[in-house]
Amino acid sequence: MRKRFLAPFVLSAVFFAACGGGQNNSEQQADAGEGTAVDSSMVAPGANAPVPKGKALIDDQDCKTCHKPDTKLVGPGYKEIAQKYPNNEETISMLADKIIKGGAGNWGEVAMLPHPSVPREDAEEMVKYIMSLK
Ligand code: HEC
């Protein structure tokens with residue numbers, strides 16, 4: 001007799017809790033989502049577009065004494081380079097080699113200095129960044 005009386009009560013309490021809990025969760029998630037969106041747009045203009053690794057690596061090197069993104073300096077502009085080659089593994093590997101070993105004859109008489117101290121992975125990151133400027 002006692003059990004029969006309690007069972008529906010317990011069940012409905014569980015049901016109620018589960019249902020209420022579910023609603024709370026989804027509300028919290030919605031809040032969190034909005035909060036994040038507002039936060040990242042308000043932190044800094046660049047927050048949504050962090051500096052690419054390859055750009056940071058290039059900035060650390062002497063590249064900018066001879067290269068600019070848009071215009072020819074001593075060497076070709078990065079955009080020109082990006083437009084000259086297809087963006088694929090072969091190009092990345094070939095240009096990473098040039099960065100490390102130096103190169104000449106593709107753009108004019110002036111040669112590019114070798115950068116033997118640049119690790120291969122870093123050189124590839126630099127090329128990926130250059131190719132992204134197309
Ligand atoms: C002393 C000047 C100088 C510096 C420093 C320099 N470059 Fe160059 N770079 C050149 C010249 C000149 C060329 C064109 C070479 C040619 O005609 O093949 C060139 C060509 C390139 C190319 C295209 C190669 C090809 O075969 O098309 C890439 C990519 C490149 N440079 C990246 C870099 C990066 C990355 C750095 C820094 C690590 C760097 N360069 C530093 C002068 C320089």
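The values are calculated or read from the model by the stated rules, or taken from the named source; none is laboratory data. Everything numeric in this text was worked out from a predicted model, so none of it was measured. All Cβ positions, glycine included, derive from the backbone under ideal geometry; neighbour counts span all protein chains shown. For the accessible areas, the whole protein counts, side chains as well, though only heavy atoms, and no ligand, DNA or RNA atoms are used. Shrake-Rupley method; radii C 1.70, N 1.55, O 1.52, S 1.80 Å.
Observations on the model:
- Share of carbon and sulfur in the accessible heavy-atom surface of region 53-131 [1.4 Å probe, %]: 56
- Amide H contacts under 5 Å for Lys72, placed H, 5+ residues apart: Gly77
- Taking amide hydrogens as placed 1.01 Å from N in the peptide plane, the amide H of Gly102 sits under 5 Å from those of His115, each at least 5 positions away in sequence or on another chain.
- Cα gyration tensor shape of region 53-131, rounded if a/c is under 1.5, else prolate or oblate by comparing a/b with b/c: rounded
- Within the straight-line cut-off of under 18 Å between alpha carbons, the lysines reachable from Lys55 are Lys64, Lys68, Lys72, Lys79, Lys98, Lys128, Lys134, sequence neighbours fewer than 8 places apart in one chain being disregarded.
- For Ser93, neighbours were defined as the other residues whose beta-carbon sits under 15 Å from its Cβ, and their charges (Lys and Arg +1, Asp and Glu -1) total -3.
- For a label point 7 Å along the Cα-to-beta-carbon line of Ala111, residues of region 72-102 with backbone N under 16 Å: 75, 98-102
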